Amino acid sequence: PSELGGLLNLEELHLYNNQLNGTIPSSLGSLSSLRGLYLHDNPLTGTIPSELGSLSNLRYLYLARNELTGTMPSELGGLASLEDLRLHTNHLTGTIPSELGSLSNLKVMLITQNPLRGTIPAELGGLSNIRELYLDANQLSGRIPSSLGSLSNLEGLYLYDNQLTGETPSELGGLLNLEELHLYNN
């Protein structure tokens, strides 16, 4: 219910792995103390409210394995404290917002299995703390940005099952912490 947006001292909201339906209330954007929002594994529909981008203390945003549609709000790029973003296995469309490249505390980005189109934003090279970057099983096209070669903490890069073209950037050879590189089926 939208009334949950009135719980101003709430720090964690765990509603995952249920049969909750309906949309994500935009009023959750008022939960200024929220550090973790876990709504994954439900049949939630509708779009991701742009108001969630105002949750300055949010560290974990799990909206995976729902029935969410529409585009990823560029406002999510304002989540300065975010460490883990999981939006995979939905029906999100459009492109990856370049604003996500400003999430300097992000360690995991998992937005696989959506029909996302367009190119991989070069701005993702600004994810200085990222360890796992999952962009696989979308409909991404164009070249792999050479800026991803600056992700010195990266341990896993998953870009398979897309429509990427061109050469693999030589800059990826500088990813000394990389343990897994998946580029197949492009």
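The values are calculated or read from the model by the stated rules, or taken from the named source; none is laboratory data. These numbers come from a predicted model, not from an experiment. Glycine gets a Cβ as well: all are built from the backbone with ideal geometry, and neighbour counts include every protein chain shown. Accessible surface areas use protein heavy atoms only, side chains included; no ligands, DNA or RNA. Shrake-Rupley method; radii C 1.70, N 1.55, O 1.52, S 1.80 Å.
For the range 147-186, a residue qualifies if it is open to solvent by 60 Å² or more (accessible area, probe 1.4 Å) and among the hydroxyl-bearing types (Ser, Thr, Tyr), and the qualifying residues are Ser150, Ser152, Thr165, Thr168, Ser170, Tyr184.
One line per residue, one yes/no per condition, for (1) part of a loop (DSSP other than H, G, I, E, B); (2) in contact with an Asp or Glu (Cβ under 7 Å, 6 or more places away or on another chain); (3) basic (Lys, Arg); (4) open to solvent by 20 Å² or more (accessible area, probe 1.4 Å):
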{"site": "Leu82", "(1), (2), (3), (4)": "yes, no, no, no"}
{"site": "Ile96", "(1), (2), (3), (4)": "yes, no, no, no"}
{"site": "Gly101", "(1), (2), (3), (4)": "no, yes, no, no"}
{"site": "Arg117", "(1), (2), (3), (4)": "yes, no, yes, yes"}
{"site": "Ser128", "(1), (2), (3), (4)": "yes, no, no, yes"}
{"site": "Leu133", "(1), (2), (3), (4)": "no, no, no, no"}
{"site": "Ala137", "(1), (2), (3), (4)": "yes, yes, no, yes"}
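Taken over the range 48-70, the criterion of being more than 26 Å from Gln19 (Cβ to Cβ) and either free of Cβ contacts under 8 Å to residues at least 24 places away in the same chain or assigned to a loop (DSSP other than H, G, I, E, B) (or both) is satisfied by Ser56, Asn57, Arg59. Just to be sure before I move on: is Thr89 in a loop (DSSP other than H, G, I, E, B) and open to solvent by 50 Å² or more (accessible area, probe 1.4 Å) in the structure I sent? Answer is no for this residue. Residues of the range 33-41 include none that is open to solvent by 60 Å² or more (accessible area, probe 1.4 Å), at pLDDT 95 or above and either in a helix (DSSP H, G or I) or of a type in the set (S, T, N, Q) (or both). Criterion applied to Gly29, Gly5 was being open to solvent by less than 30 Å² (accessible area, probe 1.4 Å) and over 21 Å from the mean Cα position of the chain (by Cα), and the one residue passing it is Gly5. What do you reckon, is Leu15 touching a residue at least 24 places away in the same chain (Cβ under 8 Å) and open to solvent by 50 Å² or more (accessible area, probe 1.4 Å)? In short, yes.
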